[in-house]
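Following: one structure in structure tokens, then a few remarks.
The values are calculated or read from the model by the stated rules, or taken from the named source; none is laboratory data. What you are looking at is a predicted structure, and each value in this text was computed from that prediction instead of being measured. When we count neighbours, we look across all protein chains shown, and the Cβ atoms used for this are built from the backbone with ideal geometry, even at glycine. Note: accessible area is taken over every heavy atom of the protein model, side chains too, but ligands, DNA and RNA are not part of it. Shrake-Rupley method; radii C 1.70, N 1.55, O 1.52, S 1.80 Å.
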Amino acid sequence: QLNTDLARSTGLTLIVLFLIIMAYFRQRRAVLYVMLPLSYGVVCSLGLTFMVIGHLNLITAFIFAVLLGLGIDFGIHILNRYVEERTKEQSHEEALFRALGSTGFATTMGALTTTGSFLALTMADFRGFSDFGFIAGVGVPLCLFFVYTLLPALTVLMERYWPVDWTHKKAPKLKSGIISLLLRPPIPTIIPILGITVSIL
């Protein structure tokens, strides 16, 4: 039952995150930019958990969904700033520099406060809380680390081999993202996602 609930919660989380990214950025490559670093962060967190703790319990078993929800913010914020700078006709290097230098610094401060809060749970006597605090406490900075390393590398590859004409692009806005998705849903994309969601449920 635990394995079934774990697969269901993780699958639903991934589907919802995919929909949100597609709704906001309206670009398929944005899913790669955000989800690949996030996946690396979550997988490495679980690997470290295996080496240090050795197992998951009833509470930490759902750390997949928690880390996916916490770690996705970093990629979205930095990618949004990068896209905004590119639509202002900034060069690729300048857009990355501004995204990581300004938005990246603020994102790092937010990640540090979140990490400190979770690490405080490691002092709890209850093993479920202390293990959860450790996994989340190392998972959040790992997700941020892979955003800083993989996202710039992915943008370099994409700009080199699959460039975008940024002069005809607009920076993503909420009104042109989620509301537009609700009013004009991309049927070819939505139908398979809904099918997967129903099958998981």
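The table for this structure:
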{"item": "Neighbour net charge for residue 49 - beta-carbon separation under 14 angstrom, K R +1, D E -1", "result": "0"}
{"item": "Residue-normalised accessible area of region 97-150, given per residue in Å² at a 1.4 Å probe", "result": "50 Å²"}
{"item": "Pair residue 89, residue 50: separation of 7 Å Cα→Cβ label points (nm)", "result": "5.1 nm"}
{"item": "Within the accessible area of region 17-150 (1.4 Å probe), percent carbon and sulfur", "result": "69 percent"}
{"item": "Extension gain, residue 5 back to residue 57 (0.36 nm per residue minus Cα-Cα distance, nm)", "result": "17.4 nm"}
{"item": "Rounded to the nearest 10 Å², the accessible area of residue 131 at probe 1.4 Å", "result": "10 Å²"}
